[in-house]
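Scroll down for the structure; my scribbles are underneath it.
The values are calculated or read from the model by the stated rules, or taken from the named source; none is laboratory data. Treat the numbers as computed from the prediction; the structure is a model and nothing was measured. We work out accessible area using only protein heavy atoms, side chains counted, and drop any ligands, DNA or RNA first. Shrake-Rupley method; radii C 1.70, N 1.55, O 1.52, S 1.80 Å.
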Amino acid sequence: MKSEKPMKILAVDNEIHMLKLLERIISEKTPYDIETTNNVLEVPEMIKESKYDLIISDLKMPGMDGLELLQYVVERGGGEEFIIITAFGSFDTSNNAMEGGAFDYITKPFRKEQIIAAVNRVMKFKTAQKELDEMLEIFKSRPFESAQVEFESQYIKRLFDECGGEIEMVIKLSGLARERVEELIGGAR
């Protein structure tokens, strides 16, 4: 099976120590890749050059604040989710962030468990969204036999991943013939 690239996070904060903290927490406690920048004005170019699943941004930064960055990201429509972190939390800014499209809003000081939980929620959402998009694409297939073949392929791929690559378990759980399972797994590698 193809191994998928790890999901990717961009952290944006003008305070270097906060970026190092976020980088350490995410690198040590999650399977996700993280890049950081302390210059919010670099972000538009960074998200043009690289695909991120999540942007974690401070609220107050020189040049462009977190709400302005959120608006830019949402209007751009690249599909990145967004978490705002701030030491200047208020109901109004929280409300503006959530209404503006932020996935979460976290106030400083935060516990590392808060960041990990928020990041994991976003990534589970992104994974579910991707799976739904894949299934909706299958529903567009015509004739029915094409959709059936695509569904069978996706089903075996997911089962193979679930079973840790144990082909005997895939055969047992799927109820498909060995030849068909091997054919589907071979096509997905």
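Probe radius 1.4 Å, ligands and nucleic acids left out: which of Arg180, Arg24 has the largest accessible area, and how do the rest follow? Could you put the intermediate results ahead of the total?
Values: Arg180 60, Arg24 125 Å².
Per-residue accessible area, sorted high to low, gives Arg24, Arg180.
Between region 98-150 and region 44-78, what is the separation of their alpha carbon centroids in Å?
18
Only helical DSSP H runs with n ≥ 4 go in: add -39500 (n - 2.57) per run for the chain, normalise by residue count and round the 222 nm mean residue ellipticity to 500 deg cm²/dmol.
It comes out at -18000 deg cm²/dmol, rounded to the nearest 500.
Roughly how compact is region 8-66, stated as its Cα Rg over 2.2 N^0.38 Å to two decimals?
1.05
I'd like the carbon and sulfur percentage of the solvent accessible area for the chain, probe radius 1.4 Å, heavy atoms only, ligands and nucleic acids excluded.
The value for the chain is 53 percent carbon and sulfur by accessible area.
What aspartates and glutamates could a cross-link reach from Lys124, if we take a straight Cα to Cα line under 17 Å and drop same-chain neighbours fewer than 8 places away?
Counting by Cα, and skipping residues close in sequence, Lys124 has these aspartates and glutamates nearby: Glu4, Asp33, Asp53, Glu80, Glu81, Asp104, Glu113, Asp133, Glu134, Asp161, Glu162.
For the chain, which DSSP H helices look membrane-span-like by this rule: Cα extent along the axis of 20 Å or more and mean Kyte-Doolittle of at least -0.5?
Result, helices passing both filters: 112-139.
Take the cross-link list Lys20/Lys130; Lys29/Lys140; Lys20/Lys157; Lys51/Lys172; Lys126/Lys172; Lys20/Lys51 and give me the ones stretching past 27 Å between alpha-carbons.
Lys20/Lys130; Lys29/Lys140; Lys20/Lys157; Lys51/Lys172; Lys126/Lys172
How are the alpha carbon pair distances in region 110-176 distributed across 5 Å bins from zero to the largest one, expressed in percent?
That works out to 3, 16, 15, 15, 16, 14, 9, 6, 3, 1, 0, in percent per bin.
Quick one: ranking Lys157, Lys5, Lys130 by accessible area, 1.4 Å probe, largest first, what do you get?
The residues order as Lys5, Lys130, Lys157, largest area first.
Whole number in Å², please: accessible area per residue of the chain, 1.4 Å probe, ligands, DNA and RNA not counted.
Accessible area per residue, the chain: 58 Å².
Return the label of the correct value of mean projected area of the Cα convex hull in nm², as calculated from the structure shown, out of (1) 14.2; (2) 12.8; (3) 15.8.
(2)
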